[in-house]
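The structure under discussion appears below in the form of structure tokens.
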Amino acid sequence: MQLPRMVKIRQHFPGLGLADLTGELNRILSDAKLQNDIKPGMLVGITAGSRGIANISLILRVLAGHIRSLGGRPVLLAAMGSHGGGNPAGEAKLLSSLGLTERDTGAEIICSAQ
């Protein structure tokens, strides 16, 4: 049996990341004009899950900071169904393993799986 002719090739994939993630997030948040919806003292929930999103801690920190700059009070809401054992302690532990803590994100974390 004769093998077909083989050719060595090299494929280059373009980078999918953003050179300035924080800058891009700030631009998007500015364009969203959230100041029309977020009033001083307003509690603003941000969902935080366990889906393995790259740079999730940074993304949530920037979002929480933007909400705070508008006078809102950001809180992260655990949103992961049965991950983390389906209980608040397990959710908190899982979020912490992803770098999602109050210290890292600048927002209180509420876990209340039932």
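Rounded to the nearest 10 degrees, the angle from helix 56-69 to the longest Cα principal axis of the chain is 30 degrees.
Of the residues 41, 63, 112, the one whose Cα sits farthest toward the positive end of the charge dipole of the chain, with +1 on the Cβ of Lys and Arg and -1 on the Cβ of Asp and Glu, is 63.
On a 0 to 90 degree scale, rounded to 10, what angle separates helix 88-97 from the longest Cα axis of the chain? Roughly 50 degrees, rounded to the nearest 10.
Bear in mind these aren't lab numbers, they're just calculated from the coordinates by the rules spelled out. None of the values given here were measured: they were computed from a predicted structure. Virtual Cβ from ideal backbone geometry, glycine too; neighbours counted across all protein chains shown.
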